[in-house]
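**Student:** Shown below is the structure under consideration.
The values are calculated or read from the model by the stated rules, or taken from the named source; none is laboratory data. All figures in this text were calculated on a predicted structure; none of them were measured in a lab. Quick reminder, even Gly has a Cβ in these numbers, built from the backbone with ideal geometry, and neighbours come from all protein chains shown.
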Amino acid sequence: MSVWSTAVAATLPLLGTEGALVSVSISVEPPRLEALLDALAHLDFPINPQIYHDSATIVEFPAYEQRLPEIRGLLETCCFPANSVTATSMLDSIRGGHSRAAAG
């Protein structure tokens, strides 16, 4: 039997040495998808992006909170709007699921 109650464990964030784990979502115009993926390849940490196509193209990947300024800075340098990036608690993202269909 675990010493953690289900209620307590459900409210704890996933933490690492760089802060809480978040799900980063970047909205991009379809013609700029390749440029976005090329830009993300220059980050100082590996990413495994998931790409969703619906009414917009969304690129999602996990990252730690302390990496968000680096991500935003890189995207601004590459002429992507700052408001194209959002971050959600990884647990909230998992609980919410995805209604989008993943693209190959």
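**Student:** Scan region 30-75 residue by residue and report those that are outside any strand (DSSP E or B), in contact with a Leu (Cβ under 9 Å, 6 or more places away or on another chain) and without any contact (Cβ under 8 Å) to a residue 40 or more places away in the chain.
**Tutor:** If the condition is that a residue be outside any strand (DSSP E or B), in contact with a Leu (Cβ under 9 Å, 6 or more places away or on another chain) and without any contact (Cβ under 8 Å) to a residue 40 or more places away in the chain, then L40, H42, L43, I47, P49, E70, L74 are the ones that fit.
**Student:** Can you work out which of the residues in region 64-91 that are of a type in the set (A, V, I, L, M, F, W, C) and exposed (fewer than 14 other Cβ atoms within 10 Å of the Cβ) is farthest from the chain's Cα centre (by Cα)?
**Tutor:** Result: C79.
**Student:** Within region 1-13, is there a residue that is modelled with pLDDT of 75 or more and either surrounded by fewer than 10 Cβ atoms within 10 Å (Cβ to Cβ) or closer than 15 Å to P62 by Cα (or both)?
**Tutor:** No, the conditions are met nowhere in region 1-13.
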